[in-house]
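Undergrad: Structure provided below as structure tokens; questions to follow.
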Amino acid sequence: MSELVSTRIRTTAARLGLPHLAESLNQYAGRADEAKMGYLDFLDLVLAEELAARDDRRFRQGLRLSKLPHHKTLEEYDFAFQPELDPRKIKDLATLAFVEAKANAALLGPPGVGKTHIAVALSVAACRAGSVYFATLDDMVRQLKAVEAAGRLNSKLRTYLRPGLLVVDEVGYQPLERAEANLVFQVISKRYEKGWIILTSNKTFSEWGQVFGDEVLASAILDRLLHHCDVVSINGPSYRLKNRLAAIERDTSAA
């Protein structure tokens with residue numbers, strides 16, 4: 001391939017919004033020459049590689065916009081430390097079948113058992129299928145209250161309504177006032193059967209009346225959340241406590 005043709009292809013690829021082709025043209029040409037590809041096979045290779053590169057860029061951009069606190073995967077989760085948790089149920093969730101069904105997933109259990117880790121891992125996988133947004137319940141309520149006071153609630157609500165998957169972490173760590181609970185209800189109600197939600201909570205559903213400061217409002221929220229929902233309870237020891245105790249033992253041994 002002449003330098004003139006190579007330059008022209010790179011320029012055209014860049015104008016068409018195909019940056020990976022522009023950067024990797026020589027590599028593709030070398031692979032085609034080595035494999036003695038026909039014209040259609042070479043075109044198939046170029047298009048497949050460009051599509052894969054585009055999907056990867058979209059995935060990485062989705063991770064940046066998701067506000068996820070980290071990007072841990074299920075492979076990093078120690079299922080052996082939680083023997084009562086069936087790994088098959090989590091791996092079934094990881095197929096994202098609940099996402100396709102616009103259903104929800106609730107991860108319940110005491111602090112430190114890895115609820116957020118699993119929620120994030122599922123969210124990382126979901127970033128390949130669509131948009132994701134992560135927020136703790138406390139942060140979401142605080143932001144909605146601020147914009148409501150400024151008369152811009154509807155605009156901010158779109159932050160939580162637009163993503164295909166909304167992750168609401170730490171439900172129940174702080175009790176809400178009724179006005180705050182009503183803001184949460186608006187998010188849940190407007191997303192009902194339109195988008196999916198993953199939530200984590202250290203409270204059982206029977207305790208949500210105390211969390212939201214109103215039994216009727218809590219029931220209305222649960223009615224919409226649980227209509228289509230996979231519920232996973234994790235009742236085991238705390239990872240954080242295990243790690244802390246291990247660190248103390250190391251320090252004691254060193255002393």
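The values are calculated or read from the model by the stated rules, or taken from the named source; none is laboratory data. Note that this is a predicted model, so its numbers are computed, not measured. Glycine gets a Cβ as well: all are built from the backbone with ideal geometry, and neighbour counts include every protein chain shown. SASA here: full protein model, heavy atoms, side chains in, ligands and nucleic acids out. Shrake-Rupley method; radii C 1.70, N 1.55, O 1.52, S 1.80 Å.
Undergrad: Express the accessible area of the chain per residue in Å², computed with a 1.4 Å probe while the remaining protein chains stay in the model.
TA: 57
Undergrad: OK, next. Tally up the carbon and sulfur contribution to the accessible surface of the chain as a whole percent, 1.4 Å probe, everything protein left in place. Before the final figure, lay out each step's value.
TA: Numbers: 7690 of 14630 Å².
The C+S portion of the solvent-accessible surface of the chain is 53 percent.
Undergrad: To the nearest 20 debye, what charge dipole does the range 62-144 have about its Cα centre, counting +1 at the Cβ of each Lys and Arg and -1 at the Cβ of each Asp and Glu?
TA: For this selection, approximately 280 debye.
Undergrad: Under the definition of Cα pairs under 8 Å and six or more residues apart, what whole-number percent is the relative contact order of the chain?
TA: 24
Undergrad: Taking the alpha-carbon centroid of each part, what is the distance from the range 98-177 to the range 1-51 in angstrom?
TA: Distance between centres, Cα-based: 42 Å.
Undergrad: In percent, how large is the relative contact order of the range 41-173, given Cα pairs closer than 8 Å and 6 or more residues apart?
TA: Normalised by residue count, the contact order of the range 41-173 is 30 percent.
Undergrad: Over 10 Å intervals from 0, what percent of Cα-Cα pairs in the range 39-162 sits in each interval?
TA: Final binned percentages: 11, 32, 30, 18, 7, 2, 0.
Undergrad: Give me the Debye-computed log₁₀ of I(q)/I(0) at q = 0.08, 0.13 Å⁻¹ for the chain, equal point scatterers on Cα only, no solvent, two decimals.
TA: -0.46, -0.87
Undergrad: Counting other C-beta atoms within 10 Å, and keeping those with at most 12, which DSSP coil GluC sites (Glu not before Pro) do you find in the range 22-111? Can you show the working numbers first?
TA: Working: sites: 23, 34, 49, 50, 75, 76, 84, 100; in loops: 84.
Loop-located and lightly packed - 84.
Undergrad: For a quick check of understanding: with a 1.4 angstrom probe and all protein chains in place, what accessible area in square angstrom does residue 4 have, to the nearest ten?
TA: Roughly 130 Å² of residue 4 is accessible to a 1.4 Å probe.
Undergrad: Further, regarding this structure: Using +1 at the Cβ of each Lys and Arg and -1 at the Cβ of each Asp and Glu in the range 131-215, identify which of 155, 199, 172 lies farthest towards the dipole's positive end.
TA: Among 155, 199, 172, the one farthest towards the positive end of the dipole of the range 131-215 is 155.
Undergrad: Same structure, new question: Per 0.36 nm of contour for each residue apart, how much would the distance between residue 41 and residue 142 grow if the chain were fully extended, relative to their Cα-Cα spacing?
TA: My answer for the length gained is 30.9 nm.
Undergrad: Also: Quick check on my link table: of 91/156; 91/145; 72/102; 102/203; 72/145, which ones sit more than 28 Å apart, alpha carbon to alpha carbon? Could you put the intermediate results ahead of the total?
TA: Numbers: 91/156 33 Å; 91/145 36 Å; 72/102 23 Å; 102/203 24 Å; 72/145 31 Å.
In this structure, 91/156; 91/145; 72/145 exceed 28 Å between Cα atoms.
Undergrad: Related question: Using a 1.4 Å probe and ignoring any ligands, DNA or RNA, find the accessible area of residue 206 and quote it in Å² to the nearest 10.
TA: Accessible area, nearest 10 Å²: 100 Å².
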